[in-house]
Amino acid sequence: MNQEDLQIRLKVEEMIHYGYAALRQFPKSEKHVLSAEIRQCMYRILRLVIVCNRRYYKKTTMQDLDSELDLLRSLVRLSKELGFLPFKQYEVWSRHNDQIGRYLGKWMQWMKQEAARRQAVSKGQGR
């Protein structure tokens, strides 16, 4: 596990802690609908980070992780627009999500560089 893997996992766990506190304030009518969907989305993100860390070929898992993070952003935005989430909480939660997105982007960039480096090394050995 490299440093980037650990940091993104910690950030996801921080986001889940914050998200749980925010979801407790949703109206009862939404606790088992939108709130449950957001909760499941956060769990899927954490699961994908863990799975991605364990896999040798990470590209498709990272793409799934990116899509899931995009879905979470949309659900959080929808919660704010429907009035279930105050603007300040939306702002903080969005910052958490953006930070995770930046870590994921760096991780994806690092994976591309590693793949290019491996390819260059293997071409050099083939001579």
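State the number of residues belonging to the stretch 20-47 that are aliphatic (A, V, I, L, M), over 11 Å from the mean Cα position of the chain (by Cα) and assigned to a helix (DSSP H, G or I). The qualifying residues number 6.
Can you confirm whether Tyr20 is farther than 30 Å from Ala115 by Cα, among the hydroxyl-bearing types (Ser, Thr, Tyr) and surrounded by 15 or more Cβ atoms within 10 Å (Cβ to Cβ)?
On the way: farther than 30 Å from Ala115 by Cα: yes; among the hydroxyl-bearing types (Ser, Thr, Tyr): yes; surrounded by 15 or more Cβ atoms within 10 Å (Cβ to Cβ): no.
It is false that Tyr20 is farther than 30 Å from Ala115 by Cα, among the hydroxyl-bearing types (Ser, Thr, Tyr) and surrounded by 15 or more Cβ atoms within 10 Å (Cβ to Cβ).
Screening the stretch 48-99 for residues that are touching a residue at least 60 places away in the same chain (Cβ under 8 Å), under 10 Å from the mean Cα position of the chain (by Cα) and closer than 20 Å to Leu34 by Cα and picking the one that is surrounded by the fewest Cβ atoms within 10 Å (Cβ to Cβ) gives His96. Looking only at the stretch 100-126, count every residue that is in contact (Cβ under 8 Å) with a residue 60 or more places away in the chain and closer than 17 Å to Arg73 by Cβ and tell me the total. The total comes to 3.
The condition of being on the phi > 0 side of the Ramachandran plot and out of contact with any strand residue (DSSP E or B) (no Cβ under 9 Å at 6 or more places or on another chain) holds for only one of Gly83, Gly101, Gly105, that being Gly83. Looking across Glu14, Glu37, Glu30, one residue alone is of a type in the set (Asp, Glu), under 30 Å from Gly83 (Cβ atoms) and either loosely packed, with under 12 Cβ neighbours inside 10 Å or at pLDDT below 95 (or both). It is Glu30. Set side by side, the residues Tyr43, Tyr18, Tyr57 differ, and just one is more than 22 Å from Arg95 (Cβ to Cβ) and among the aromatic types (Phe, Trp, Tyr), which is Tyr57.
The values are calculated or read from the model by the stated rules, or taken from the named source; none is laboratory data. Bear in mind the structure is a predicted one, so any value in this text is a computation, not a measurement. Here the Cβ is made from the backbone with ideal geometry for all residues, glycine too, and neighbour counts use every protein chain on show.
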